[in-house]
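Novice: Quick one: the structure is below, and I'll ask about it shortly.
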Amino acid sequence: MLPATSKLCAAISYRHLRNMTGLRRQAAVAISQELSRLASHSPGPSTWIHQVRRRSSLLSSRLEEKPFSEMEMSYIKQGEEALQKSLRILEDQDDWKTETVAGNGDKVLSKVLPDVGKVFRLEVVVDQPLDTVYGELVDNMEQMGDWNPNVKEVRILEKIGKDTVITHEKAATPGNIVGPRDFVSVRCSRRRGSTCVLAGMSTTYGAMPEQEGFIRAENGPTCMVLRPLPGSPSQTRLTWLLSIDLKGWLPKSIINQVLSQTQVDFAKHLRQRLARPVPAAC
């Protein structure tokens, strides 16, 4: 059995055969079977056999996955770029200036970056556990227009893997201070231990060209960071980095006022949404 397995593995080292998914899967199964035979004939289960078998199982499962297209990989990389750039901005604690401090402690800060422009940073504590906040912002993303008056609609255009989505968002225009805007964004989510990061940036998507009656604005890099409040896991610290170019001919003073107020309003309405009674299951 072992020589036959070796020949099968050697075959997939050739480039024209390595692209044949069926042959690669057959090789992974053969390796797993041979390792099982070796383990059964040894005095005791060998640690290295278990380790290699585990890696073989991972290989086999990955071969079952649908490969990403070149375009899908491009979107995944854009999402990762937005995440990394956002985190670098947040990690730099220098030169942040206070824009607004609410009576409940919610705070909006800002700073000007040479390659991005003015960015805004919301710091709040929400009286809900992290999983609840994450579920509302990610799993229920398309429902945001139901509770956030600054958002008219969020629609997922495409899902890529389990962490990346392409979305189309229409901004509401309360008070008509800013005319109708829409965005096409790539968004990604990552969980690192007890920290969740939701990042995004503007992108282009062939199936969603500019819409009549809307100015196509741009955002990003932008992200939200969710962490349990130290010593109080039933509360979540939320940091929202906001970077938006609304386009059009708007005075900077109006843009700054709108964006900082948008963040304050977001925190208020998110709390109201999370505090609503949850319907009982039937």
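Novice: Sort out which residues of the range 131-153 are under 15 Å from the mean Cα position of the chain (by Cα) and either touching a residue at least 60 places away in the same chain (Cβ under 8 Å) or buried (at least 16 other Cβ atoms within 10 Å of the Cβ) (or both), and write them in order of number. Don't jump to the end; show me each part of the working.
Specialist: From the range 131-153, those under 15 Å from the mean Cα position of the chain (by Cα) are 131, 133-142; that's our starting set.
Correct list: Val133, Tyr134, Glu136, Leu137, Val138, Met141.
Novice: Does at least one position in the range 240-248 carry a residue that is closer than 17 Å to Gln78 by Cα, part of a strand (DSSP E or B) and of a type in the set (Asp, Glu)?
Specialist: Scanning the range 240-248, I find no residue that is closer than 17 Å to Gln78 by Cα, part of a strand (DSSP E or B) and of a type in the set (Asp, Glu), so the answer is no.
Novice: Another question, then. If you go through the range 74-89 one residue at a time, do you hit one that is open to solvent by 70 Å² or more (accessible area, probe 1.4 Å), more than 15 Å from Thr222 (Cα to Cα), of a type in the set (Ser, Thr, Tyr) and at pLDDT 90 or above?
Specialist: Among the residues of the range 74-89, not one is open to solvent by 70 Å² or more (accessible area, probe 1.4 Å), more than 15 Å from Thr222 (Cα to Cα), of a type in the set (Ser, Thr, Tyr) and at pLDDT 90 or above, which makes the answer no.
Novice: Scan Gln272, Gln235, Gln261 and give me the residue that is surrounded by 14 or more Cβ atoms within 10 Å (Cβ to Cβ) and farther than 20 Å from Lys170 by Cα. Write out each step before concluding.
Specialist: Working: Gln272 fails: surrounded by 14 or more Cβ atoms within 10 Å (Cβ to Cβ); Gln261 fails: farther than 20 Å from Lys170 by Cα.
Just one listed residue meets the conditions, Gln235.
Novice: Of the residues in the range 150-180, how many are hydrophobic (A, V, I, L, M, F, W, C) and modelled with pLDDT of 95 or more? Outline the logic, then answer.
Specialist: Keep residues of the range 150-180 that are hydrophobic (A, V, I, L, M, F, W, C), which gives 151, 154, 156-157, 160, 165-166, 171-172, 177-178.
With the extra rule that they be modelled with pLDDT of 95 or more, the set shrinks to 154, 156-157, 160, 165-166.
Selection size over the range 150-180: 6.
Novice: Give the residue, chosen from Ile156, Ile166, that is surrounded by 14 or more Cβ atoms within 10 Å (Cβ to Cβ) and touching an Asp or Glu at 6+ places or on another chain (Cβ under 8 Å). Please lay out each step first, then the result.
Specialist: Values: Ile156 fails: surrounded by 14 or more Cβ atoms within 10 Å (Cβ to Cβ).
Every option except Ile166 fails the conditions.
Novice: Can I ask one more? Would you confirm whether any residue within the range 245-256 is in contact with a helix residue (DSSP H, G or I) (Cβ under 7 Å, 6 or more places away or on another chain), open to solvent by 10 Å² or more (accessible area, probe 1.4 Å) and not basic (Lys, Arg)? Full working, then the answer.
Specialist: Restricting attention to the range 245-256, the residues satisfying the condition of being in contact with a helix residue (DSSP H, G or I) (Cβ under 7 Å, 6 or more places away or on another chain) are 246.
From the residues that got through so far, the ones that are open to solvent by 10 Å² or more (accessible area, probe 1.4 Å) too are 246.
Filter once more, keeping what is not basic (Lys, Arg): 246.
Yes, the range 245-256 has at least one match.
Novice: Scan (1) of a type outside the set (A, V, I, L, M, F, W, C); (2) open to solvent by less than 30 Å² (accessible area, probe 1.4 Å); (3) over 24 Å from Thr100 (Cβ atoms) for the single condition Asn219 breaks and write down its number.
Specialist: Of everything listed in (1) of a type outside the set (A, V, I, L, M, F, W, C); (2) open to solvent by less than 30 Å² (accessible area, probe 1.4 Å); (3) over 24 Å from Thr100 (Cβ atoms), Asn219 misses just condition (3).
Novice: Could you go through the range 99-114 and let me know if any residue there is within 13 Å of the chain's Cα centre (by Cα) and open to solvent by 50 Å² or more (accessible area, probe 1.4 Å). Steps first, please.
Specialist: Going through the range 99-114, the residues within 13 Å of the chain's Cα centre (by Cα) turn out to be none.
No, the range 99-114 contains no residue that is within 13 Å of the chain's Cα centre (by Cα) and open to solvent by 50 Å² or more (accessible area, probe 1.4 Å).
The values are calculated or read from the model by the stated rules, or taken from the named source; none is laboratory data. All figures in this text were calculated on a predicted structure; none of them were measured in a lab. Here Cβ is always computed from backbone atoms with ideal geometry, including for glycine, and neighbour counts include all displayed protein chains. With ligands, DNA and RNA removed, areas are computed over all heavy atoms of the protein, side chains included. Shrake-Rupley method; radii C 1.70, N 1.55, O 1.52, S 1.80 Å.
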